[in-house]
Amino acid sequence: MLRGKRIVLGISGGVAAYKAAYLARRLVEHGAELRTVMTVAATRFIGPQTLAAITGTPPVIGLFGVSSVSPHTEMGRWADAVVVAPATASTIARLAHGLSEDALCATVLATTAPVVVAPAMHTEMWEHPATRRNIARLHDDGTLVVGPDEGALAGGDEGPGRLVEPDVIVGALQRLLGPRDLEGRNVLVSAGGTREPIDPVRYIGNRSSGKMGNAIAVTAARRGATVFLVTSAEPPPEDDHIEVVRVETAVEMAETVWARASKCDVAVLAAAVADFRPGDPGAEKLRRADGVPEISLEPTPDILAGVAAMEDRPFLVGFAAETGTVEGALDKARTKGADLVVANDVARRGSGFGTDTNEVTLITPDGEREKWQLLPKHEVADRLWDRVASMLAAKEGSS
Ligand code: CTP
């Protein structure tokens with residue numbers, strides 16, 4: 001959560017500067033107040049007007065001839081964090097030596113707020129002893145260095161030196177500035193839709209993309225939790241605080257969740273688990289020439305019920321995928337044994353499977369409901385963790 005956080009984004013002159021526009025946009029979407037400062041070289045790669053349009057304020061480019069007497073100290077004092085992305089080898093060298101002749105480096109020198117640096121350059125420059133020395137100095141000064149990644153570089157080259165994805169920088173800032181109310185907590189999250197084999201090539205599945213579960217896992221990690229993510233979908237980008245186990249079927253998901261749940265403080269079961277599976281999946285592909293097959297189904301284990309029945313069970317959050325109304329979720333909240341149910345109408349536009357937004361209603365076992373407006377999934381996740389953290393604290397306070 002970066003709502004209301006004041007962030008200065010410093011952009012230096014490399015090809016990756018074009019990505020700074022998307023980073024700025026993501027920071028604004030996360031609720032940050034943003035100002036930008038560019039080196040003169042950066043203006044050769046991205047137009048100041050673009051950043052002005054995204055942030056609402058023109059970037060600071062020089063120290064002279066601007067309305068402020070001292071733009072660098074003003075911005076340095078204003079900032080809750082300063083992030084330099086992309087940081088070229090030359091900018092890193094100046095930062096490491098405290099050289100402040102340009103507005104960007106002067107701002108970094110003039111702040112006492114945390115500084116994040118995201119390097120981007122060619123592999124030879126990144127691996128040069130001078131850059132290694134400068135990076136080591138930045139580390140010693142308490143600067144958080146994020147990346148670089150390995151991958152495609154300018155001019156068709158490849159190797160270490162690529163700017164990390166903007167969302168990785170957003171994550172680093174959230175970890176620095178956001179609440180750490182899940183520190184020390186072990187959290188289990190299930191995500192995605194299970195696939196139940198009919199034969200070696202076909203399966204019964206559903207439309208779940210795993211995005212809601214991923215957002216819940218990533219947000220928990222940013223708030224300090226150690227996360228165990230059991231998923232049948234594409235997991236989020238690698239994160240030291242998230243252990244991912246990939247599964248396919250309801251039975252595999254059940255075994256993995258049940259083996260870990262009692263060691264966790266919280267379990268959020270966001271996966272769309274198949275309720276039925278083919279009883280006898282063929283070892284060979286079904287053939288058209290053999291005619292319409294008869295597929296008999298059998299129930300899958302109810303994973304949530306299994307966790308709810310555990311003696312040493314975690315705080316349990318269930319999801320309820322409904323179509324039409326969320327009335328059915330009231331029953332689930334009463335009967336399923338979860339501490340909280342998050343209901344959503346998966347047939348509604350902008351809500352549920354595959355989308356980046358969700359409109360949910362929170363329901364407690366005693367039938368209390370709270371409807372939230374349509375929100376980005378990462379915001380639903382943040383608000384959900386606000387709620388779970390306070391319910392957990394209340395529960396622990398009363399026991
Ligand atoms: N769930 C589960 N195991 C299953 C099916 C569902 O643990 N075999 C969990 C889901 O992860 C979710 C909750 O139960 O947290 C509700 O899932 P949902 O599909 O909405 O409800 P069902 O219980 O399957 O009921 P119905 O299909 O009738 O809506």
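Which far-off residues, 5 or more places away or on another chain, put their amide H under 5 Å from the one on Phe315, with H placed in the peptide plane?
Val266, Ala267
Does the stretch 137-233 classify as rounded, prolate or oblate by the C-alpha gyration tensor (a ≥ b ≥ c root eigenvalues; a/c under 1.5 gives rounded; else a/b over b/c gives prolate, otherwise oblate)?
It comes out oblate by the Cα gyration axes.
Work out the FRET efficiency for Thr323 and Asp167 from their Cβ-Cβ distance, taking R0 = 25 Å, and round it to the nearest 0.05.
Using R0 = 25 Å, I get an efficiency of 0.20.
Taking 0.36 nm per residue of separation and subtracting the Cα-Cα distance, what length does fully extending Ser398 through Val245 add?
Full extension of this stretch gives 51.7 nm more.
Between Asp302, Asp199, Asp167, where does the largest GNM mean-square fluctuation fall for the chain, given springs only between Cα atoms within less than 10 Å?
Among Asp302, Asp199, Asp167, the largest GNM mean-square fluctuation belongs to Asp199.
Using a cut-off of 15 Å between beta-carbons, work out the net charge of the residues near Arg348 (Lys and Arg +1, Asp and Glu -1, Arg348 not included).
-1
Report in % the part of the accessible area of the stretch 186-398 that belongs to carbon and sulfur, leaving out ligands and nucleic acids; probe 1.4 Å.
Answer for the stretch 186-398 is 48 percent, counting heavy atoms of protein chains only.
With viscosity set to 1.002 mPa s and temperature to 20 °C, compute the Stokes-Einstein D of the chain, Rh being the Kirkwood radius across alpha carbon pairs; µm²/s, no decimals.
My calculation gives 92 µm²/s for D.
Mind checking which of Ala85, Ala289, Ala17 has the largest fluctuation in a GNM of the chain, springs on alpha carbons under 10 Å?
Ala289
Grab the other residues whose beta carbon is less than 10 angstrom from that of Leu182, score K and R as +1, D and E as -1, and report the net.
Overall, the nearby charge balance is +1.
From the backbone phi of the stretch 218-234, what are the Karplus-calculated ³J(HN,Hα) couplings (6.51 cos²θ - 1.76 cosθ + 1.60, θ = phi - 60°) in whole Hz, Gly and Pro given as x?
Taking θ as phi minus 60°, the curve returns 5, 5, 4, 5, 5, 8, x, 6, 9, 10, 10, 9, 9, 9, 9, 10, 5 Hz for the stretch 218-234.
Solvent-accessible area per residue for the stretch 118-248 at a 1.4 Å probe radius, Å²?
I get 47 Å² per residue for the stretch 118-248.
Taking the highest mean first, how do the peptides 219-230, 100-111 order by number of other beta carbon atoms within 10 angstrom per residue?
Highest to lowest by the protection proxy: 219-230, 100-111.
Out of residues 5 or more away from Val37 or on other chains, whose amide H comes under 5 Å of its own, with H placed 1.01 Å from N in the peptide plane?
When sequence neighbours closer than 5 places are left aside, the close amide H contacts are Leu9, Gly10, Ile11, Val60.
Under the Karplus relation 6.51 cos²θ - 1.76 cosθ + 1.60, θ = phi - 60°, what is the ordered set of whole-Hz ³J(HN,Hα) values for the stretch 51-59, x standing for Gly and Pro?
Working through the residues one at a time gives 5, 4, 5, 6, 9, x, 9, x, x Hz.
Pull out the extension gain between Asp157 and Asp386, defined as 0.36 nm times the separation in residues minus the alpha carbon to alpha carbon distance; nm, one decimal.
In short, 78.0 nm is gained.
State the extension gain, in nm to one decimal, for the chain segment bounded by Leu109 and Asp331, taking 0.36 nm per residue of separation less the distance between their alpha-carbons.
Extending this stretch completely gives an extra 74.1 nm.
Residue by residue, what Karplus-based ³J(HN,Hα) values in Hz, rounded to whole numbers, does the stretch 14-31 have, using 6.51, -1.76 and 1.60 with θ = phi - 60° and x for Gly and Pro?
x, 4, 5, 4, 5, 6, 5, 5, 5, 4, 4, 4, 5, 5, 5, 4, 7, x
Assuming a strict under-30 Å limit between Cα atoms, what lysine pair count do you get for the chain once near-sequence pairs (fewer than 8 apart, same chain) are dropped?
24
Would you tell me the accessible area of Glu370, worked out with a 1.4 angstrom probe on the heavy atoms of the protein chains, in Å² to the nearest 10?
70
If Lys and Arg each add +1 and Asp and Glu each add -1, what is the summed charge of the other residues whose beta carbon sits under 11 Å from the beta carbon of Asp386?
Charge balance near Asp386 sits at 0.
Given labels modelled 7 Å from the Cα in the Cβ direction, how far is it in nm from Ala289 to His97?
The two pseudo-label positions are separated by 7.8 nm.
What is the distance in Å between the Cα centroid of the stretch 255-278 and that of the stretch 154-179?
Result: 31 Å between the Cα centres.
The values are calculated or read from the model by the stated rules, or taken from the named source; none is laboratory data. Note that the coordinates shown come from a computational prediction; the quantities given were computed from them, not determined experimentally. Note: ideal-geometry Cβ built from the backbone for every residue, glycine included; neighbour counts use all protein chains shown. Just so you know, the surface numbers come from the protein's heavy atoms only, side chains and all, with ligands and any DNA or RNA stripped out. Shrake-Rupley method; radii C 1.70, N 1.55, O 1.52, S 1.80 Å.
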